[in-house]
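All remarks here apply to the structure that follows.
The values are calculated or read from the model by the stated rules, or taken from the named source; none is laboratory data. Just so we're clear, the structure is a prediction, and the values are computed from it rather than from any experiment. Cβ coordinates were reconstructed from backbone atoms using ideal geometry, including for glycine residues, and neighbour counts include every protein chain displayed.
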Amino acid sequence: MPADIIINAKNVVKTYDMGAVKVHALNGVDFELKKGEFVSIMGPSGSGKTTLLDVLSVLLRPTSGEVFINKKPISKMDDNELAKIRGKTIGFVFQTFNLINRLSAKENVMMPLWFQGVPKSDRENRAEKILFDVGLADRINHKPSELSGGQRQRVAVARALAVDPEIIVADEPTGNLDSVSGEQIMQLIKDLHKNGKTILMVTHEEELAQNAGRIVRLRDGKIVATDVVKKKEINVY
Ligand SMILES: Nc1ncnc2c1ncn2[C@@H]1O[C@H](COP(=O)(O)OP(=O)(O)O)[C@@H](O)[C@H]1O
Ligand SMILES: [Mg+2]
């Protein structure tokens, strides 16, 4: 395996067992994510995008097949080790923000640092700095209900960045936003990539997917195409 591969999935199958019914969400997926890459995952609703993200980010174990994180097979790790990897290596951004409503923006961003055992004053400094970086310096004490959708998603991005993870995983991060806020969040994600973060993003908007270097297309739990995105000329005015 080349040295710079962070996540590698081999013949991943995920079947949800609903008693009488079995749902075949992933039907043999091979996937590699290299350090510094930006990959979009596209596909119709129900094609397995979220399941694939969850398996790749070790939230879910596959029914069969193997996922390697930094070359280590997850089948050999217990749930504690997987939780540790999630906490340190991967930052999550969700379509529905998933912030804690009774906590301020700053406290939400401090939360993953608390799980990592970072002392309080360091947590506070780090949270304030990241909220400043995402353009929310004047909103650090606001609760999610006191913020716009775009601002909430900024807080969620800041929270994902708190532990300085290797990878940012985003599941339809602009899906609940108006087009202007969506563009701002997309710009933020592009900037993170420019600054060296590895990005894995699910979207069902082709235009957003084109921001990645590679687009993986899913259908019925299988990868049906992988497109390398040609970079447009950048006009400097
Ligand atoms: N927790 C679950 N239990 C049972 N079935 C599920 C679960 N999550 C997803 N599914 C089913 O698996 C398939 C893939 O779902 P999902 O990965 O959410 O697709 P997408 O994100 O592309 O819409 C769908 O048929 C969905 O109904
Ligand atoms: Mg989904």
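What do you reckon, is residue 14 more than 16 Å from ligand 1 (Cβ to nearest atom), surrounded by 14 or more Cβ atoms within 10 Å (Cβ to Cβ), of a type outside the set (A, V, I, L, M) and not in a loop (DSSP other than H, G, I, E, B)?
Numbers: more than 16 Å from ligand 1 (Cβ to nearest atom): no; surrounded by 14 or more Cβ atoms within 10 Å (Cβ to Cβ): yes; of a type outside the set (A, V, I, L, M): yes; not in a loop (DSSP other than H, G, I, E, B): yes.
In short, no.
Taking segment 1-11 as the search range and keeping residues that are without any contact (Cβ under 8 Å) to a residue 60 or more places away in the chain and outside any strand (DSSP E or B), which one is surrounded by the most Cβ atoms within 10 Å (Cβ to Cβ)? Give the steps one after another, and end with the answer.
So in segment 1-11, the residues without any contact (Cβ under 8 Å) to a residue 60 or more places away in the chain come out as 2-4, 9-11.
Remaining after also requiring outside any strand (DSSP E or B): 2-4.
Values: 2: 8, 3: 7, 4: 12.
Restricting to residues being without any contact (Cβ under 8 Å) to a residue 60 or more places away in the chain and outside any strand (DSSP E or B), the top hit is 4.
For segment 120-145, which positions are touching a Lys or Arg at 6+ places or on another chain (Cβ under 8 Å), part of a helix (DSSP H, G or I) and farther than 17 Å from residue 160 by Cα? Spell out how you get there, then give the answer.
We begin by selecting, within segment 120-145, every residue touching a Lys or Arg at 6+ places or on another chain (Cβ under 8 Å); these are 124, 127-128, 131, 134-136, 140-141, 143-144.
Pick out the ones that are also part of a helix (DSSP H, G or I) and you get 124, 127-128, 131, 144.
Result: no residue meets the conditions.
When you go through (1) within 13 Å of ligand 1 (Cβ to nearest atom); (2) under 22 Å from residue 213 (Cβ atoms) one by one for residue 63, which number turns out not to apply?
Just one mismatch for residue 63, condition (2).
Of the residues that make up segment 83-93, is at least one touching an Asp or Glu at 6+ places or on another chain (Cβ under 6 Å) and under 30 Å from residue 61 (Cα atoms)?
Initially, segment 83-93 is screened for residues touching an Asp or Glu at 6+ places or on another chain (Cβ under 6 Å), giving 89.
Then drop every residue that is not under 30 Å from residue 61 (Cα atoms), which leaves 89.
For segment 83-93, residues touching an Asp or Glu at 6+ places or on another chain (Cβ under 6 Å) and under 30 Å from residue 61 (Cα atoms): present.
If you check 36, 46, 91, 87, which single one turns out to be away from ligand 1 (no atom under 16 Å from the Cβ) and part of a loop (DSSP other than H, G, I, E, B)? Give the derivation first.
On the way: 46 fails: away from ligand 1 (no atom under 16 Å from the Cβ); 91 fails: part of a loop (DSSP other than H, G, I, E, B); 87 fails: part of a loop (DSSP other than H, G, I, E, B).
The match here is 36.
Being closer than 21 Å to residue 33 by Cα, at pLDDT below 95 and away from ligand 1 (no atom under 16 Å from the Cβ) is the requirement here; does residue 76 meet it?
Here the answer is no, as residue 76 does not meet what is asked.
Please verify whether residue 113 is buried (at least 17 other Cβ atoms within 10 Å of the Cβ) and in contact with a strand residue (DSSP E or B) (Cβ under 9 Å, 6 or more places away or on another chain), treating the condition exactly as stated.
So residue 113 does not fit the description; no.
If we keep just the residues of segment 22-48 that are away from ligand 2 (no atom under 13 Å from the Cβ) and small (Gly, Ala, Ser), which is surrounded by the most Cβ atoms within 10 Å (Cβ to Cβ)? Talk me through it step by step, then tell me what you get.
Going residue by residue through segment 22-48, those that are away from ligand 2 (no atom under 13 Å from the Cβ) are 22-24, 27-40.
Now restrict to residues that are small (Gly, Ala, Ser): 28, 36, 40.
On the way: 28: 14, 36: 14, 40: 25.
The qualifying residue surrounded by the most Cβ atoms within 10 Å (Cβ to Cβ) is 40.
Check 137, 158 and return the single one that is over 22 Å from the mean Cα position of the chain (by Cα) and of a type in the set (Gly, Ala, Ser).
Working: 158 fails: over 22 Å from the mean Cα position of the chain (by Cα).
Result: 137 is the single residue among 137, 158 that is over 22 Å from the mean Cα position of the chain (by Cα) and of a type in the set (Gly, Ala, Ser).
Just the residues that are under 17 Å from the mean Cα position of the chain (by Cα), polar (S, T, N, Q) and either closer than 18 Å to residue 165 by Cβ or surrounded by 14 or more Cβ atoms within 10 Å (Cβ to Cβ) (or both), please, taken from segment 71-107. Explain how you work it out, then say what you get.
From segment 71-107, those under 17 Å from the mean Cα position of the chain (by Cα) are 82-99; that's our starting set.
Subsequent filtering for residues that are polar (S, T, N, Q) retains 89, 95-96, 98.
Across segment 71-107, the qualifying residues are 89, 95, 98.
When the residues of segment 85-108 are narrowed to those that are within 16 Å of ligand 2 (Cβ to nearest atom) and among the β-branched types (Val, Ile, Thr), which ends up modelled with the highest pLDDT? Before you say what the answer is, go through the steps one by one.
Keep residues of segment 85-108 that are within 16 Å of ligand 2 (Cβ to nearest atom), which gives 92-98.
Now narrow it down to the ones that are among the β-branched types (Val, Ile, Thr): 93, 96.
Numbers: 93: 96, 96: 93.
By that ranking, first place goes to 93.
Write out, first by first residue and then by second, each pair whose Cβ atoms fall under 8 Å of each other, whose residues are 6+ apart or on separate chains, and whose first residue, in segment 41-54, is at positive phi while the second is near ligand 1 (Cβ under 6 Å from one of its atoms).
43/49; 48/25
Considering only residues that are polar (S, T, N, Q) and part of a loop (DSSP other than H, G, I, E, B), look in segment 49-84 and name the one that is farthest from ligand 2 (Cβ to nearest atom). Even if it seems obvious, please write down each step before you answer.
So in segment 49-84, the residues polar (S, T, N, Q) come out as 50-51, 57, 63-64, 70, 75, 80.
Subset that is part of a loop (DSSP other than H, G, I, E, B): 57, 63, 70.
Numbers: 57: 13, 63: 18, 70: 26 Å.
For segment 49-84, the residue satisfying everything is 70.
Residues are listed down the side, and each one gets a yes or a no for (1) surrounded by fewer than 20 Cβ atoms within 10 Å (Cβ to Cβ); (2) more than 16 Å from ligand 2 (Cβ to nearest atom):
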| position | (1), (2) |
| --- | --- |
| 155 | no, yes |
| 161 | no, yes |
| 164 | yes, yes |
| 170 | no, no |
| 188 | no, yes |
| 194 | yes, yes |
| 208 | no, no |
| 221 | no, no |
| 225 | yes, yes |
